[in-house]
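Asks: The structure that follows is given in the form of structure tokens.
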Amino acid sequence: MKIYFAPMEGITLYPLRNIHKEMFGECVDKYYTPFVSTARTYKFKKREQRDILPEFCTSFDDYKSEVVPQIMGNKAEQIVWAAKKMYDLGYKEANLNMGCPVATVVNRHKGSGLLEDTAKLDAMLYEIFDTLEKENSGIEFSLKTRLGMHDESETAGIMEVLAKYPASELTIHSRVRDDYYKGAIRLDAFCDAVKVYRENGGKAPIVYNGDITSVESFNMINSKVSGIDRFMIGRGLIFDPALAREIEGGEALKAEELRTYLDRLYDAYEEYIPEDQNVIFKMLEHWAFLHVHFKDCDKQLKTIRKSRSKGEYKAAVTNMFSSCEFIN
Ligand SMILES: Cc1cc2nc3c(=O)[nH]c(=O)nc-3n(C[C@H](O)[C@H](O)[C@H](O)COP(=O)(O)O)c2cc1C
């Protein structure tokens, strides 16, 4: 079985990837970067480019296989250019974002907006895979998609298109775009998608994604998606950084290691972004998930949220750990 850390914009940046890898990475096979956008100028945005530089993959013995940069785009030439850049940076694999549900992305026919018109999608993928092959690019090209834009009636058509191309891996988030990340996951539709993909000759290993937040939810999903042995986890690993270890039969998250993880993240974000306030905002993204580990913590969480300096933040976190019961 393989477990992957999902790409999450603004969250799974290199400070988190490095610290998570060092502390909890023994059961995570790959870390995906948040998407890097392609542009007409054939240049990456500075901030996005920084996140994929190999020199920042400090905790990875083999970043080439363990870190996967993700590309966002809708023009085959630009996507091919970006994939080749990733190869030049040493990466073995590049991943295409076909799942982002955000309106500003979808309206530009990117992310899950690529799923709206399967003929256009087909033409784009043809050009991408054809060029990568003809140019002997060497990069493995994987896809991350959803079951459709609006409803499950679209899934088969999308899978028929995807099955035509030699993706190195196909990750399917078990929802349609209109679901965003909410509502029940569509496990039956996921299984149907896999079936259609295989019946149409699709060869890529399939990665399941969606709502794995505990060992119990993993076991439930695993029992329904027979034949799938690769799982991508996003929010579950933010909520419980030790989740992959637990799924593999290891120890549950301990309060002390969570404290160390948060302290190390703070220090790493401090180097990554200037000003206490910005670092605290980043940490609050984690606390939005992590507070569930602390019993009756409303007051303590409010103090963390209101902190305006490093000193205030650290004191508020110490108070949370010392005065609220830790629930793993
Ligand atoms: C805040 C946030 C940012 C995300 N950013 C990306 C992204 O950059 N690229 C991508 O493919 N998916 C992105 N996703 C989707 C996740 O990779 C994943 O598919 C989604 O969270 C569902 O998996 P989960 O239920 O395990 O969290 C993002 C999700 C969230 C909540």
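Asks: Evaluate the Kirkwood expression for the hydrodynamic radius of the range 255-323, namely the inverse of the mean inverse distance over all pairs of different C-alpha atoms, and round to one decimal in Å.
Replies: 12.0 Å
Asks: Per residue, how much accessible area does the range 1-42 show when a 1.4 Å probe rolls over the protein heavy atoms, in square angstrom?
Replies: Heavy-atom SASA per residue in the range 1-42 reads 34 Å².
Asks: Leaving ligands, DNA and RNA out of it, report the carbon-plus-sulfur percent of the accessible area of the chain at a 1.4 Å probe.
Replies: The computed percentage sits at 49.
Asks: OK, next. Report, in whole Å, the centroid distance computed from the Cα atoms of the range 92-148 and the range 301-328.
Replies: One Cα centre to the other: 42 Å.
Asks: Rounded to whole Hz and in sequence order, give me ³J(HN,Hα) for the range 136-148 from the Karplus expression 6.51 cos²θ - 1.76 cosθ + 1.60, θ = phi - 60°, writing x for Gly and Pro.
Replies: With coefficients 6.51, -1.76 and 1.60, one gets 6, 5, x, 7, 7, 10, 10, 10, 10, 10, 10, 7, x Hz.
Asks: How big is the charge dipole of the range 72-156 about its Cα centre, in debye rounded to the nearest 20, if each Lys and Arg gets +1 on its Cβ and each Asp and Glu gets -1 on its Cβ?
Replies: Around 380 debye, computed over the range 72-156.
Asks: Have a look at T303, H291, L147 and report the one farthest towards the positive end of the charge dipole of the chain, computed about the Cα centre with Cβ charges (Lys/Arg +1, Asp/Glu -1).
Replies: The Cα lying farthest towards the positive end belongs to T303.
Asks: If you put +1 on each Lys and Arg Cβ and -1 on each Asp and Glu Cβ, how big is the dipole of the chain around its Cα centre, in Debye rounded to 20?
Replies: Computed about the Cα centre, the dipole is about 820 debye.
Asks: Something else about it: Along the principal axes of its C-alpha atoms, what lengths does the range 22-72 span, in descending order and rounded to whole Å?
Replies: Sorted largest first, the three principal extents are 39, 19, 16 Å.
Asks: Another question, then. For a protection proxy built on the mean count of beta-carbon atoms within 10 angstrom, sort 166-174, 113-121, 149-157 highest first, please.
Replies: Highest mean packing first, the order is 166-174, 113-121, 149-157.
Asks: Starting from the Cα of E270, step 7 Å toward the Cβ, then list every residue of the range 298-328 with an amide N under 13 Å from that point.
Replies: Only 309-315 pass the distance filter.
Asks: Using helices alone, I'd like the mean residue ellipticity at 222 nm for the chain: each DSSP H run of four-plus residues gives -39500 (n - 2.57), total over residue count, nearest 500.
Replies: Rounded to the nearest 500, the figure is -13500 deg cm²/dmol.
Asks: May I ask you to give the solvent-accessible area per residue for the range 255-323, in square angstrom, as obtained with a 1.4 angstrom probe?
Replies: Roughly 52 Å² per residue, with all protein chains present.
The values are calculated or read from the model by the stated rules, or taken from the named source; none is laboratory data. Source: prediction; values computed, not measured. Because the Cβ atoms are built from the backbone with ideal geometry, glycine has one as well, and the counts that use them run over all protein chains shown. Quick note on the areas: whole protein, heavy atoms, side chains included, nothing else; ligands and nucleic acids left out. Shrake-Rupley method; radii C 1.70, N 1.55, O 1.52, S 1.80 Å.
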